[in-house]
Amino acid sequence: MRGVVMYKAGDVRVEDRDVPKIIEPTDAVVRLTATCICGSDLWPYRGVEPADHTAMGHEYAGVVEEAGSDVKSVKVGDFVVGSFVISDNTCEICRSGYQSGCVHREFVAQTVGTQAEKARIPHADGTLVATPGQPDPELIPSLLAASDVLGTGWYGAVAAGAGPGKTVAVVGDGAVGLMAILAAQQLGAERIIAMSRHPERQELAKFYGATDIVEERGDEGVAKIKELTGGLGAHSVVEAVGTQESTMQAINSTRPGGHLGFVGVNYDVTIQGIELFFAGIHVEGGPAPVRRFLPDLIQLIWDRKIDPGKVFDLTLPLDEAAEGYKAMDERRATKVLLTL
Ligand SMILES: [Zn+2]
Ligand SMILES: [Zn+2]
């Protein structure tokens, strides 16, 4: 079967990979309907993470082609969406809603590689969620978004305590930041401030519910947030970038007693303990427990209450994955959908 392989940083190829098969009775093999390239795939592409003939991809939606003998919640022929983290959904960590910290967790990016025609998904019962029926083709991008960026943005907004009466600030206008705006709006936030300086992304931010746009960054961005919130800072801040500047901007934009949800993968960020100490804020983040939110997110998409699929602004056939990586690396695209 065809699949994306990153030979080394900057060198992406589509070639024949082994056809996945059931290994454990809890596995399922999914024939992918669509897959995509993630902002985090740019880390190995840019050499920040190692890449050595690595099978790429961790976001996926498709049809169950084969199910192991112990799989009960999904069956052959079901259309399924799965989290980018494998989980059993039964251990104590999973039952508390933190499936991305499951005692059996595996990162799909490291052990599966879903930029391919098929994928073997371990712990299928705990990782996959079936849709109510076969989806209309127009719903596929949105269902695919639920696999990571929607689930991650949603978690960021939940971790930030977004809700009625709250002012939410979102640092980052990539796919996850835009999905955090969508989530804040759905969770009933009163005011949503998008921090963005790209005109097209500002438009999408407004489409998803942003009420204010702040173009300033760093300390100037913090000052602007304070200005918009009577000098107090936002109740809820989502950090969806992961750089030193964006992280400090997020911490300093949060009012004392407020909540910061951080979901940007943050290499090389150093936070002085004393800065966190005097900020006096609640901080929660990490790889999102997408599985917690998947049933609700699928239903919202199914009922056409949300349209997260709009974050895909470039669609290419799987065979042109290399161009997709290039377009995202050069910021010509926010997020690339790969068709099969
Ligand atoms: Zn991703
Ligand atoms: Zn678990």
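The values are calculated or read from the model by the stated rules, or taken from the named source; none is laboratory data. Please read these numbers as outputs of a predicted model, since none were measured by experiment. Glycine also receives a Cβ, built like all others from the backbone with ideal geometry; neighbour counts cover every protein chain displayed.
Just a few scattered comments:
Yes/no matrix, rows are residues, columns are (1) assigned to a loop (DSSP other than H, G, I, E, B); (2) under 10 Å from the mean Cα position of the chain (by Cα); (3) more than 22 Å from VAL336 (Cα to Cα); (4) of a type outside the set (Phe, Trp, Tyr):
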position: ALA157; (1), (2), (3), (4): no, no, yes, yes
position: ASP173; (1), (2), (3), (4): yes, no, no, yes
position: VAL176; (1), (2), (3), (4): no, yes, no, yes
position: ALA183; (1), (2), (3), (4): no, no, no, yes
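- Residues being out of contact with any Leu (no Cβ under 9 Å at 6 or more places or on another chain) and farther than 16 Å from THR152 by Cβ - total across the stretch 36-70: 18
- Scanning the stretch 56-86 for residues that are part of a loop (DSSP other than H, G, I, E, B) and more than 16 Å from the chain's Cα centre (by Cα) yields GLY68, SER69, ASP70, VAL71, LYS72, SER73, VAL74, LYS75, VAL76, GLY77, ASP78.
- Evaluation of GLU200 against (1) farther than 19 Å from VAL81 by Cβ; (2) in a strand (DSSP E or B) (one fails), failing number: (2)
- Residue match in the stretch 209-232 (condition: part of a loop (DSSP other than H, G, I, E, B), of a type in the set (Asp, Glu), without any contact (Cβ under 8 Å) to a residue 60 or more places away in the chain and over 21 Å from MET328 (Cβ atoms)): yes
- Scanning the stretch 109-120 for residues being surrounded by fewer than 20 Cβ atoms within 10 Å (Cβ to Cβ) and either within 16 Å of ligand 1 (Cβ to nearest atom) or modelled with pLDDT under 95 (or both) gives a total of 2.
- The residue of the stretch 76-108 that is farthest from CYS38 (Cα to Cα), among those that are surrounded by 23 or more Cβ atoms within 10 Å (Cβ to Cβ), out of contact with any Leu (no Cβ under 6 Å at 6 or more places or on another chain) and of a type in the set (Gly, Ala, Ser), is SER87.
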